[in-house]
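Below: the structure, in structure tokens.
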Amino acid sequence: MTNRVDNDLPAEGSSPACAMHQADDVYMAYAGKNEVIAFLNELLEAERAGARVTLDSARAAGSSPILQLMRAIHRDEERWCAMLLRHLKVFGSEPSSKVGAFYGKAMAIADLHERVAFLNRGQGWVVRKLREMLPRVRDDRLHADLTDMLRSHEANIALATDVAGLAP
């Protein structure tokens, strides 16, 4: 029989599993605070642009079915602006006051159906950005809100495609 010595004990790792909840977000492959703030501001600028495009387009739509479509999307864009502002404040960040370049590009399109198609591409851009970032968002409330935003944009794309007769 041999005597067991302390040196025979298994070595303790430098980051035990019980301390993983204390690890930095970036270490855990989540987006860091500055990256999240930049992302939220980028979305805010895009949503502001979308809100203005839909408001101005609703005015130009007259009584066509596009009027109701623009009003519905406008309500969503305003809702998401408010949500993004709330989260930026929680992070202690000053929200951007800019309107995204999307607004000028969209309003340069005179034909309303073509503008709706362009708006749909903008909604698709937001969907892509959200899908890329969501797996890296650690905050549960923000993750839930961004997931709702994603679903809303996907629904708006489908609605616009149907109402405006766009190719999917």
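Here are the numbers for the structure shown:
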{"read-out": "Flag if Glu35 is at pLDDT 95 or above, surrounded by fewer than 16 Cβ atoms within 10 Å (Cβ to Cβ) and not in a loop (DSSP other than H, G, I, E, B)", "value": "yes"}
{"read-out": "Check on Glu45, within 24 Å of Ala158 (Cα to Cα), among the acidic types (Asp, Glu), surrounded by fewer than 19 Cβ atoms within 10 Å (Cβ to Cβ) and at pLDDT 95 or above", "value": "no"}
{"read-out": "Test: Ser93 is farther than 13 Å from Ala46 by Cβ and touching a residue at least 24 places away in the same chain (Cβ under 8 Å)", "value": "yes"}
{"read-out": "Wholly enclosed helices (runs of 4 or more DSSP H) of the stretch 50-165 bearing at least 1 residues surrounded by fewer than 19 Cβ atoms within 10 Å (Cβ to Cβ), within 19 Å of the chain's Cα centre (by Cα) and not aromatic (Phe, Trp, Tyr)", "value": "65-90, 112-133, 140-163"}
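The values are calculated or read from the model by the stated rules, or taken from the named source; none is laboratory data. Not measured: the values here are computed from a predicted model. Note that each Cβ is placed from the backbone with ideal geometry, even for glycine, and that neighbours are counted across all protein chains shown.
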